[in-house]
Amino acid sequence: MKENKSTFARITSGIFSLLNTTRKIIINLLFFTFLIIIFVALTSDEDHIEIQPGSALVLSLQGDIVEQKRDIDPMDAFINEALEQPDTAPEVLLADIISVIQHAQSDSRIKMMVLNLENMRGSGITKLRDIASALTDFKNSGKKIIAIGEQYSQNQYYLASYADEIWLNPEGWMLLDGYGRYQLYFKSALDKLSISQHVFRVGTYKSAIEPYIRDDMSEAAKEANQLWLSDLWQQYKVDVAEQRGFLVTNFDEDVDVLVKKLKNANGNIAEYALENQWVDALKTRDQVEQELINLLGQNNDNSYKKIAFKDYLTEVNSNPILPSYGDKVAIVVAKGTILDGKQKPGTIGGESTAALLQQARENKNVKAVVLRVDSPGGSAYASEVIRQEVELLKAAGKPVIASMGTYAASGGYWISAPADKIYAAPTTITGSIGIYGFFMTFENTLSKLGIHTDGVGTTDIAGFGITRELSPGMASIIQLKIERGYQDFIELVANNRNMTTSEVDAIAQGRVWSGRKALELGLVDALGNIDDAIEAAAELADLTDYDTLLIEKAKSPRALLLQSLLGQTAMFFDLSSDNYSTQHGINRVISQLSLELNQMAELNDPQGIYSLCLACEVE
């Protein structure tokens with residue numbers, strides 16, 4: 001018996017020893033392989049990018065165009081690339097796009113530009129108009145732009161319309177379907193689950209909470225949304241029509257007219273696009289390639305002479321302008337949902353964004369600040385923390401200009417309101433001056449499972465929580481707090497916009513406006529982009545000779561090292577991919593549902609009070 005036990009012990013020990021040895025071998029192999037990769041990448045000259053004279057800059061944008069990229073761990077990004085895992089939510093920085101176009105404009109090696117926008121995702125017309133302005137300057141320098149595509153989405157076509165020529169595949173697709181705001185509504189689902197919804201709000205048009213208390217959009221929300229959506233669509237039509245040289249009536253908004261035109265084109269979308277002057281020529285991939293070779297000449301891989309957007313951006317960034325020590329106009333980007341506390345880039349944190357503004361205040365070289373806002377709002381408390389820091393900047397004698405991007409609504413307007421001046425694009429989505437509180441309780445849901453909450457407390461409000469029914473008294477306390485918050489909001493706007501609270505209330509009530517309409521109503525001071533805001537900030541600070549300074553969260557030494565090493569490694573092995581995953585059918589519905597629920601789940605205001613515009617995203 002002892003011999004059997006001893007034999008079993010030896011076998012078991014041998015197995016564990018083998019597993020442990022195997023584990024060590026695998027870990028060491030991975031470690032040394034990683035070191036070799038980094039060594040080869042750092043000692044290689046392959047990262048040198050050569051641009052042949054007479055080349056085309058291929059503006060191939062991958063993903064969503066954003067004011068600020070979300071924070072991603074460099075190691076995670078490298079592993080995903082090494083394993084060829086596509087980024088499901090790629091992003092490209094608006095400032096990078098404009099910088100590349102501006103450098104290419106004065107680069108004698110760049111003869112023309114090719115717009116290949118098939119992988120460009122969401123943007124918003126405000127960002128597209130900023131890019132279009134840079135494209136216009138590029139054309140005005142005497143350099144040609146050609147747009148090529150298998151199909152064009154509405155956003156992609158907007159930029160394509162600024163090209164000298166638009167080419168579409170003979171079997172390609174494009175339809176301009178206008179702007180719409182459609183979302184999922186959950187009331188019936190919540191009722192079936194016996195989840196109690198408690199809503200506290202002020203404002204006829206504060207519709208952010210409607211998906212949880214209705215099964216459809218209210219008439220008030222439809223009225224408000226239709227107005228600003230129409231403003232944006234009109235601007236889209238005017239811009240495109242001007243570039244293409246036809247009337248805004250050329251847009252086929254009547255489906256019967258569209259069907260008739262498609263029948264005349266034998267149901268071929270590409271033929272319809274050509275006949276309707278959307279595009280200039282129908283060309284297959286091979287025809288596009290040959291035509292561009294004829295225009296630009298052939299390179300070593302038998303394609304036309306070209307440099308890709310990412311490669312050209314690498315060259316632009318490899319020769320940065322050395323910082324000067326003179327007067328500065330600081331730029332602080334506030335992009336994303338406003339949340340409490342410290343947040344990573346891509347999301348606004350009450351504490352972290354206020355800290356960036358504090359850096360600007362304490363930097364003796366900074367004489368003025370531009371707060372670039374691209375946010376639908378969020379936590380009312382976090383918005384107030386940021387607003388207080390804006391006031392401290394002004395008290396320190398440093399002018400503050402708010403520059404609104406795609407949207408600056410609800411909390412986004414809250415943090416913009418105290419600025420000395422507010423600039424918005426005509427297509428900015430702003431306003432939504434309102435406030436609400438919302439939470440769910442699960443006492444009925446739990447009771448169906450045989451779970452109940454009971455106990456005693458020393459006050460009427462003791463034990464308040466999501467497993468108990470909300471008492472009328474507690475509901476009154478919350479509603480009073482919401483009403484106080486709304487009053488604070490309209491007083492904030494009134495004090496900073498030289499208006500009475502009654503005048504503000506008349507255009508507030510949670511209603512959303514376009515930037516153009518906001519100017520008419522006095523909610524903003526001027527229409528313009530971030531460059532206009534920078535000039536205004538310099539003027540208020542009496543600056544004639546100055547530089548801009550982007551103030552952002554500093555990366556840790558570890559992140560900087562990994563980013564440098566892994567970035568060069570990825571370049572050496574050409575791990576980057578132009579493809580990203582797309583979702584179709586039921587997966588898209590599930591993703592939309594998940595996104596909308598997550599938007600509510602991430603909100604973390606310590607008092608549960610929000611100034612958020614969920615209706616500000618358009619499709």
Margin query: Looking only at segment 484-513, count every residue that is over 16 Å from Pro418 (Cα atoms) and not in a helix (DSSP H, G or I) and tell me the total.
Written below: 6
Next item on the list: Given the conditions (1) surrounded by fewer than 18 Cβ atoms within 10 Å (Cβ to Cβ); (2) farther than 30 Å from Gly411 by Cα; (3) among the basic types (Lys, Arg), report the number of the one that Lys306 does not fulfil.
Entry: (1)
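One line per residue, one yes/no per condition, for (1) of a type in the set (Gly, Ala, Ser); (2) outside the structural domain of Leu540 (by TED's automatic domain parsing); (3) modelled with pLDDT under 90; (4) crowded, with 24+ Cβ neighbours inside 10 Å:
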site: Glu315; (1), (2), (3), (4): no, yes, yes, no
site: Ala355; (1), (2), (3), (4): yes, no, no, no
site: Val369; (1), (2), (3), (4): no, no, no, yes
site: Val373; (1), (2), (3), (4): no, no, no, yes
Notebook entry, point to check: So which of Ala147, Ala132, Ala189, Ala208 ends up being outside any loop (DSSP other than H, G, I, E, B) and more than 24 Å from Tyr236 (Cβ to Cβ)?
Noted result: Ala189
Item checked: Residue, nearest to Leu521 (Cα to Cα), within segment 492-510, restricted to residues that are hydrophobic (A, V, I, L, M, F, W, C) and surrounded by 15 or more Cβ atoms within 10 Å (Cβ to Cβ) -> Ile507
Next item on the list: Within segment 409-462, track down each residue that is at pLDDT below 90, assigned to a loop (DSSP other than H, G, I, E, B), of a type outside the set (Gly, Ala, Ser) and crowded, with 16+ Cβ neighbours inside 10 Å.
Entry: Phe442
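Checking the conditions here, which among Ser106, Ser123 is of a type in the set (Ser, Thr, Tyr), modelled with pLDDT of 85 or more and in contact with a helix residue (DSSP H, G or I) (Cβ under 8 Å, 6 or more places away or on another chain)?
Working: Ser106 fails: in contact with a helix residue (DSSP H, G or I) (Cβ under 8 Å, 6 or more places away or on another chain).
Of Ser106, Ser123, the one residue that is of a type in the set (Ser, Thr, Tyr), modelled with pLDDT of 85 or more and in contact with a helix residue (DSSP H, G or I) (Cβ under 8 Å, 6 or more places away or on another chain) is Ser123.
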Item checked: Residue list for segment 179-216, filter: under 30 Å from Asn276 (Cα atoms), surrounded by 16 or more Cβ atoms within 10 Å (Cβ to Cβ) and not charged (D, E, K, R) -> Tyr179
Next item on the list: Inspect segment 364-379 for any residue being within 23 Å of Val199 (Cα to Cα) and among the β-branched types (Val, Ile, Thr) and give the result as yes or no.
Entry: no
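Being in a loop (DSSP other than H, G, I, E, B) and not hydroxyl-bearing (Ser, Thr, Tyr) is the filter here; which residues of segment 211-227 pass it?
Taking segment 211-227 first, the residues in a loop (DSSP other than H, G, I, E, B) are 214-218.
Arg214, Asp215, Asp216, Met217, listed by residue number.
The values are calculated or read from the model by the stated rules, or taken from the named source; none is laboratory data. Just so it is clear, the model here is predicted, and its values are computed rather than measured. Methodologically, a virtual Cβ is constructed for each residue, glycine included, from the backbone with ideal geometry; neighbour enumeration extends over all protein chains shown.
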